[in-house]
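First up is the structure itself, then whatever we jot down about it.
The values are calculated or read from the model by the stated rules, or taken from the named source; none is laboratory data. Please read these numbers as outputs of a predicted model, since none were measured by experiment. Heads up, the Cβs are rebuilt from the backbone with ideal geometry, glycines too, and the neighbour counts pull from every protein chain shown. Note: areas computed on protein heavy atoms with side chains; ligands, DNA, RNA excluded. Shrake-Rupley method; radii C 1.70, N 1.55, O 1.52, S 1.80 Å.
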Amino acid sequence: MEFYDIVVSILGSTIRLSIPLLFTALAGLFTERAGVFDIGLEGKMLAAAFASACVAYVTGNAWLGLLGGIGVSILFSLIHGFASITNRGNQIVSGVALNFVAAGLTVVLGQAWFGQGGRTPQISGEARFSPITLPFVDAMRDVPFIGPLYVHVISGNNILTYLAFLAVPITWWVLFRTRFGLRLRAVGENPGAVDTAGISVTWLRYRAVIVAGFLCGFSGAYLSIAQSAAFIKDMSAGKGYIALAALIFAKWKPVPVMFACLLFGFLDAFANFMQGKAVPGIGEVPVQIFQALPYILTCILLAGFIGVAHPPKAGGVPYTKER
Amino acid sequence: MSTASVPLPNWITYGLMPLLNLLVAFFISGLVVWWIGEDPLAALKLLIEGSLGRGDAIGFTLFYATSFIFTGLSVAVAFHAGLFNIGSEGQAYLGGLGAALVALALDRYVPWYVTMPFAVIGAALFGAAWAFIPAWLQAKRGSHVVITTIMFNFIGAALMVYLLVNVLIVPGKMAPETRTFLPGGQLPKLDWLMAWFGLKLGPAPFNVSFLIALVMAFLVWVLIWRTKLGYEMRTLGISPSAAIYAGIPYGRTVIIAMLISGGLAGMMALNPVMGASARLQVEFVGGAGFVGIAVSLMGRSHPLGIVLAALLFGILYQGGADLSFEMPNITREMIVVIQGLVILFAGALEYMFRPAMVHLYQRLKRA
């Protein structure tokens with residue numbers, strides 16, 4: 001039974017580590033499906049984490065914190081849109097720029113406002129999203145096999161975790177069952193056709209980046225006021241890029257995105273678990289292998305060895321209405 | 001009416017507009033400083049004094065600038081071929097391994113000037129090798145080089161930490177770094193160059209790699225504008241379909257451009273690894289690869305522009321470090337903000353002022 005306890009504990013942390021990836025990858029799904037590359041996911045997540053922590057600390061309310069994170073993240077999205085949609089600038093350059101602005105500004109402002117080397121003060125109580133205990137936990141505790149799974153993996157997460165999994169079917173529905181979704185996907189494949197149909201390419205793409213900002217707000221808030229209890233310098237730590245990798249790994253489809261995020265979250269959880277432990281016959285596996293594995297897998301996928309990934313055709317190309 | 005097709009004279013396109021973009025970036029940086037309750041002009045004064053006021057300050061400024069020249073050239077060479085190499089950071093990291101292996105192998109036996117050419121080749125080879133797989137994937141499999149180079153930055157970082165912690169570490173020591181190179185594996189300081197100008201270098205690690213960087217800048221200029229390969233790369237960068245139609249081999253040109261780009265990034269490692277700390281350390285690149293993007297964009301991918309932009313960023317890095325001592329409210333990360341704003345305005349928003357410029361220019365011409 002001890003082995004099963006370990007499995008349950010790894011699955012529990014898999015969920016916790018996947019959530020920020022999931023929100024962020026879904027955000028990237030919206031923009032990239034609309035033909036706007038978004039390298040700036042990392043920066044949006046970081047800025048949102050900082051804003052959430054600040055607002056939650058000042059107001060003492062986690063929901064207001066989340067709202068603050070969403071607001072700042074959408075602001076970053078709008079700058080990205082202004083540069084890459086309105087001014088037809090290079091989308092990758094714009095994303096890289098916003099990542100730097102976020103990485104720098106969060107520390108500069110954090111130090112100026114709180115004087116703790118870029119950290120925000122500790123956040124507690126109502127200002128945080130605390131774990132929720134689902135009903136019947138006590139009754140389920142003694143049920144073999146399913147019991148621990150229910151108590152430690154399914155129950156005991158915070159509200160944002162459940163929202164993240166809810167966001168997956170909603171994203172699918174919006175993208176594949178609504179008129180907005182159809183047009184959004186069309187604008188990523190052939191903006192000229194959308195324009196000919198009399199639909200504004202610019203406004204559609206702006207809506208896509210705003211949705212992405214909205215979702216990144218959740219992932220940022222998750223980092224600073226749900227998973228941790230403060231904003232810490234560079235706390236996104238490359239998760240935006242892993243989310244981007246998950247998005248590509250899932251071939252720009254919502255449900256596979258969820259599984260890719262869970263896989264990468266699992267690798268992270270497994271690496272933490274394996275730290276300092278020896279595998280029989282092999283010895284200690286370096287933790288760096290697990291850290292690099294999401295990226296290696298994505299590169300192998302991109303090389304076309306695990307099926308073929310078809311990115312949206314108009315991705316990265318600014319749309320020029322007329323010459 | 002669309003203003004995109006109206007031609008503007010070169011002094012506006014290459015002089016006035018970049019300058020204007022830069023000024024806006026600095027203006028907003030000033031606003032940030034003002035927002036956190038400090039005086040932007042006083043901060044600017046401290047920044048300039050801290051980077052250009054004394055001999056050792058200038059030495060540090062030039063030391064940083066050296067790294068940025070290499071990475072800026074790296075980004076620019078790929079950019080001319082229409083490739084966006086975000087992987088200079090990882091290529092420089094691996095380049096450090098090449099330089100360190102040469103230094104560790106030779107420093108006992110030969111003086112520095114014998115080690116140096118081998119170290120240059122070693123650093124360039126390792127950097128180029130790290131760019132090869134993304135290049136090959138782009139050329140043969142059509143995977144986007146931006147994504148793969150980002151992935152390779154992370155893979156490279158993991159690999160280097162593994163090597164430093166498990167393989168290259170000095171047995172019995174805690175710090176994940178190689179042993180200190182003997183003088184045969186170090187690049188000497190350029191105190192004599194500073195002495196020409198009556199300046200004292202002091203503790204600043206300004207070293208011979210600066211001269212290597214200048215040579216490379218010249219060679220890149222020759223490559224891009226004076227060779228067949230450079231012509232092919234530029235054609236590919238402007239129009240891949242035209243290049244293929246003209247018989248330029250797409251795959252080969254992409255791979256060669258990325259190898260050169262990676263090699264230049266790798267050489268950046270000479271400066272911190274052999275010129276300053278005399279050992280290979282974790283995260284010695286410290287973001288210089290990403291600064292290269294800003295430098296290349298600001299310098300409009302021209303070697304001369306890159307050298308000037310690298311100097312500016314050297315001033316920002318050294319001055320910013322000094323500034324954070326004088327005004328503790330302004331942390332070193334302020335440089336990162338400025339860097340981001342420069343990339344935003346000089347890169348992504350480079351044409352923001354073009355319509356206004358066109359109107360102004362046409363009105364002036366009519367008058």
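Candidates in region B:1-55 are the residues that are within 22 Å of the chain's Cα centre (by Cα) and of a type in the set (Ser, Thr, Tyr); of these, the one that is nearest to the other protein chains (Cβ to nearest Cβ) is B:Ser29. The condition of being on the phi < 0 side of the Ramachandran plot and surrounded by fewer than 20 Cβ atoms within 10 Å (Cβ to Cβ) holds for only one of B:Met174, B:Met160, B:Met151, B:Met216, that being B:Met174.
Output the helices (runs of 4 or more DSSP H) that fall wholly within region B:1-81 and possess 1 or more residues being surrounded by fewer than 17 Cβ atoms within 10 Å (Cβ to Cβ) and among the aliphatic types (A, V, I, L, M), or say none. It would help to see each step written out before you state the result.
Working: elements: B:17-35, B:40-52, B:55-80.
Answer list for region B:1-81: B:17-35, B:40-52.
Does B:Ile260 satisfy being part of a helix (DSSP H, G or I), within 24 Å of B:Val102 (Cα to Cα), hydrophobic (A, V, I, L, M, F, W, C) and away from every other protein chain (no Cβ under 14 Å)? The answer is yes for B:Ile260. For region B:176-223, the set of residues classified as part of a helix (DSSP H, G or I) and either among the charged types (D, E, K, R) or more than 20 Å from the chain's Cα centre (by Cα) (or both) consists of B:Pro183, B:Gly184, B:Gly185, B:Asp191, B:Trp192, B:Leu193, B:Met194, B:Ala195, B:Trp196, listed by residue number. Could you grab me the full set of residues in region A:100-117 that are open to solvent by less than 20 Å² (accessible area, probe 1.4 Å) and more than 7 Å from chain B (Cβ to nearest Cβ)? A:Ala102, A:Thr106, A:Gly110, listed by residue number.
Residue-level analysis places A:Ser236 among those that are in contact (Cβ under 8 Å) with a residue 60 or more places away in the chain, within 30 Å of A:Pro131 (Cα to Cα) and not in a helix (DSSP H, G or I). Would you be able to say whether some residue in region B:311-328 is at pLDDT below 85 and outside any helix (DSSP H, G or I)? Taking every residue of region B:311-328 in turn, at least one turns out to be at pLDDT below 85 and outside any helix (DSSP H, G or I). The residue of region A:22-46 that is farthest from A:Cys261 (Cα to Cα), among those that are among the aliphatic types (A, V, I, L, M) and within 14 Å of chain B (Cβ to nearest Cβ), is A:Val36. Being modelled with pLDDT under 95 and under 25 Å from B:Gly122 (Cα atoms) holds for only one residue in B:Ile256, B:Ile169, B:Ile248, B:Ile212, and it is B:Ile169. So A:Thr120 clears everything in (1) surrounded by 14 or more Cβ atoms within 10 Å (Cβ to Cβ); (2) under 26 Å from A:Pro312 (Cβ atoms); (3) β-branched (Val, Ile, Thr) except one condition, right? Which one? It fails just one condition, (2).
Each row is one residue, and each column tells you yes or no for (1) buried (at least 24 other Cβ atoms within 10 Å of the Cβ); (2) more than 10 Å from every other protein chain (Cβ to nearest Cβ); (3) of a type outside the set (Phe, Trp, Tyr).
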residue	(1), (2), (3)
A:Leu223	yes, yes, yes
A:Gln227	no, yes, yes
A:Ser236	yes, yes, yes
A:Leu244	yes, no, yes
A:Lys253	no, yes, yes
A:Phe266	no, yes, no
A:Gln275	no, yes, yes
A:Gln288	no, no, yes
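When B:Glu333 is tested against (1) surrounded by 22 or more Cβ atoms within 10 Å (Cβ to Cβ); (2) more than 14 Å from chain A (Cβ to nearest Cβ); (3) among the charged types (D, E, K, R), only condition (2) is not met.
For region B:97-115, filtering for residues that are farther than 21 Å from B:Val167 by Cβ and either over 26 Å from the mean Cα position of the chain (by Cα) or open to solvent by 40 Å² or more (accessible area, probe 1.4 Å) (or both) leaves 6.
Picking from residues in region A:187-213 that are of a type in the set (A, V, I, L, M, F, W, C) and buried (at least 21 other Cβ atoms within 10 Å of the Cβ), the one that is nearest to the chain's Cα centre (by Cα) is A:Ala212. Of the residues A:Pro294, A:Pro318, A:Pro280, A:Pro311, the single one that is at pLDDT below 80 and surrounded by 15 or more Cβ atoms within 10 Å (Cβ to Cβ) is A:Pro311. Do we find a residue being assigned to a helix (DSSP H, G or I), within 14 Å of another protein chain (Cβ to nearest Cβ), free of Cβ contacts under 8 Å to residues at least 24 places away in the same chain and out of contact with any Lys or Arg (no Cβ under 6 Å at 6 or more places or on another chain) anywhere in region B:125-134? Checking region B:125-134: at least one residue is assigned to a helix (DSSP H, G or I), within 14 Å of another protein chain (Cβ to nearest Cβ), free of Cβ contacts under 8 Å to residues at least 24 places away in the same chain and out of contact with any Lys or Arg (no Cβ under 6 Å at 6 or more places or on another chain).
I'm trying to understand the selection: among the residues of region A:129-171, which are among the β-branched types (Val, Ile, Thr) and open to solvent by less than 70 Å² (accessible area, probe 1.4 Å)?
Of all residues in region A:129-171, those among the β-branched types (Val, Ile, Thr) come to A:132-133, A:137, A:143, A:146, A:151, A:153-154, A:159, A:161, A:168, A:170-171.
Passing the criteria: A:Ile132, A:Val137, A:Val143, A:Val151, A:Val153, A:Ile159, A:Thr161, A:Val168, A:Thr171.
May I ask you to verify whether B:Leu199 is within 23 Å of B:Asp56 (Cβ to Cβ) and at pLDDT below 95? Yes.
Each row is one residue, and each column tells you yes or no for (1) under 18 Å from the mean Cα position of the chain (by Cα); (2) among the hydrophobic types (A, V, I, L, M, F, W, C); (3) open to solvent by less than 30 Å² (accessible area, probe 1.4 Å).
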{"position": "B:Gly230", "(1), (2), (3)": "no, no, yes"}
{"position": "B:Gly251", "(1), (2), (3)": "no, no, yes"}
{"position": "B:Met258", "(1), (2), (3)": "yes, yes, yes"}
{"position": "B:Met274", "(1), (2), (3)": "yes, yes, yes"}
{"position": "B:Gly287", "(1), (2), (3)": "yes, no, yes"}
{"position": "B:Ile293", "(1), (2), (3)": "yes, yes, yes"}
{"position": "B:Ile306", "(1), (2), (3)": "yes, yes, yes"}
{"position": "B:Leu316", "(1), (2), (3)": "yes, yes, yes"}
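Residue count for region A:67-94 satisfying the condition of being open to solvent by less than 10 Å² (accessible area, probe 1.4 Å), under 21 Å from the mean Cα position of the chain (by Cα) and either free of Cβ contacts under 8 Å to residues at least 24 places away in the same chain or closer than 28 Å to A:Phe114 by Cβ (or both): 5.
Determine whether A:Ser73 is in a helix (DSSP H, G or I), under 15 Å from A:Thr31 (Cβ atoms), within 14 Å of chain B (Cβ to nearest Cβ) and hydroxyl-bearing (Ser, Thr, Tyr). Step through it out loud before you land on a result.
Details: in a helix (DSSP H, G or I): yes; under 15 Å from A:Thr31 (Cβ atoms): yes; within 14 Å of chain B (Cβ to nearest Cβ): no; hydroxyl-bearing (Ser, Thr, Tyr): yes.
When the stated conditions are applied, A:Ser73 does not pass them.
Among residues of region B:146-172 that are within 7 Å of chain A (Cβ to nearest Cβ) and in contact (Cβ under 8 Å) with a residue 24 or more places away in the chain, those with a beta-carbon under 8 Å from a residue that is of a type in the set (A, V, I, L, M) and not in a helix (DSSP H, G or I) at least six positions away or on a different chain give the pairs B:Val146/A:Ile39; B:Val146/B:Ile86; B:Ile150/A:Ile39; B:Ile150/B:Ile86; B:Val161/B:Val282.
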